[in-house]
Amino acid sequence: MTRYGFFGPEGTFTQMALDAWGPAAGEPRAAYASVDATLAAVRSGEIDAAMVPIENSIEGGVSATLDGLASGDPLVVVGEVLVPVTFVLAARPGMPLEQVRAIGTHSHGWAQVRGWMGRHLPEAVYVPTLSTASAAAGLAAGDPVTYDAAVCAPVAATINGLDVLAENIGDMTGAVTRFVLVARPGRLPEPTGADKTTVVLYQRQDKSGGLLELLEQFAARGINMTRLESRPTKESMGSYCFSIDCEGHILDERIGEALMGLRRVCADVKFLGSYPRADRQAATIAPLNSDEDFATARRWLEGLRSTR
């Protein structure tokens, strides 16, 4: 039996992502109020794995997840799920749209509906909440809240018995959030040919060309990066690390060679996992960078060394 957790409460897009993770079907699960609390539950052994958001096609990386994975006891990503994002504006029964003056939601949710709000409720103010679902739950609970309506997923409005005042209010059609399932380090998922590897890189020193030196380790081996973000290390002003996703698996020769190169030039390399891509898109392998190409070069070198 595997115990799962997710960034809750019920009705979040994160719950939808966990619902879509096949192995989690029918297994025990628990909701946590924040990304930090969710990751802490995995680290403590309270749960075995947890689903958290890591990237949005509109807003980019989710800071809480990126920072939570980069610090603390090691965790690794073992899978990912892509969830289309559709928002509704929900309120307690009887609240008319024209009387809405304040709207509660998560910052990433608000960023994706600002245009709609500017056109339809230009006087309404934004009230931050821990999640889109908690905004809906707060209204439904009857607690004193500082907002009249919530931007949330349709399922959150249904679960909490709210009226939907407007549907499909996202500014961009086709918005998608990427979620990752994280666990304590253990056996690696087997390579599939359609994988990602995630690492966090720390420079030895801040210098001209420092980032280029790191990126060359990928470029020289024909590795395509699918995400690159800088995050403050929180040690001092101007001190940053780099969170990177790239195509391939640690057991692929080109990825292994790149990680060795990075370990040589970086102050630290945090390996956050190799796992199957949600879209099952095969990795793009540049010419002369296949496993056989690397194996052939290695055999040639070993042959030269054997003549000593």
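The values are calculated or read from the model by the stated rules, or taken from the named source; none is laboratory data. Because the structure is predicted, anything quoted here is derived from the model rather than measured. Virtual Cβ from ideal backbone geometry, glycine too; neighbours counted across all protein chains shown. In case anyone asks, the SASA skips ligands and DNA or RNA and just uses the protein heavy atoms, side chains included. Shrake-Rupley method; radii C 1.70, N 1.55, O 1.52, S 1.80 Å.
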Identify, by number, the condition in (1) touching a residue at least 24 places away in the same chain (Cβ under 8 Å); (2) open to solvent by less than 50 Å² (accessible area, probe 1.4 Å); (3) over 24 Å from residue 55 (Cβ atoms) that residue 214 doesn't meet. (3)
Subset of the range 254-268 [open to solvent by 30 Å² or more (accessible area, probe 1.4 Å) and not in a helix (DSSP H, G or I)]: 267, 268
Tally of residues being more than 20 Å from the chain's Cα centre (by Cα) and open to solvent by 30 Å² or more (accessible area, probe 1.4 Å) across the range 192-211: 10
For the list (1) part of a loop (DSSP other than H, G, I, E, B); (2) closer than 17 Å to residue 245 by Cβ; (3) touching a Leu at 6+ places or on another chain (Cβ under 7 Å), I need the number of the one condition that residue 192 fails. (3)
Regarding the range 232-243, can at least one residue be identified that is open to solvent by 40 Å² or more (accessible area, probe 1.4 Å) and polar (S, T, N, Q)? yes
Consider residue 47 carefully, then state whether it is closer than 18 Å to residue 79 by Cβ and part of a loop (DSSP other than H, G, I, E, B). yes
Of the residues that sit in the range 133-191 and are closer than 22 Å to residue 49 by Cα and touching a Gly at 6+ places or on another chain (Cβ under 6 Å), which one is surrounded by the most Cβ atoms within 10 Å (Cβ to Cβ)? 133
Taking the range 195-253 as the search range and keeping residues that are part of a strand (DSSP E or B) and of a type in the set (Gly, Ala, Ser), which one is nearest to residue 288 (Cα to Cα)? 243
Given the conditions (1) open to solvent by 40 Å² or more (accessible area, probe 1.4 Å); (2) modelled with pLDDT of 95 or more; (3) among the aliphatic types (A, V, I, L, M), which single one is not true for residue 75? (1)
Quick check on the range 139-157. Is at least one of its residues in contact with a strand residue (DSSP E or B) (Cβ under 9 Å, 6 or more places away or on another chain) and under 25 Å from residue 231 (Cα atoms)? no
Looking at (1) more than 17 Å from the chain's Cα centre (by Cα); (2) open to solvent by less than 50 Å² (accessible area, probe 1.4 Å); (3) at negative phi, which is the only condition residue 37 fails? (1)
Going residue by residue through the range 98-105, is there one that turns out to be modelled with pLDDT of 90 or more, under 13 Å from residue 177 (Cα atoms), in contact with a helix residue (DSSP H, G or I) (Cβ under 6 Å, 6 or more places away or on another chain) and crowded, with 16+ Cβ neighbours inside 10 Å? no
Qualifying positions in the range 231-257 - modelled with pLDDT under 95 and not acidic (Asp, Glu): 231, 232, 233, 234, 236, 237, 238, 239, 240, 241
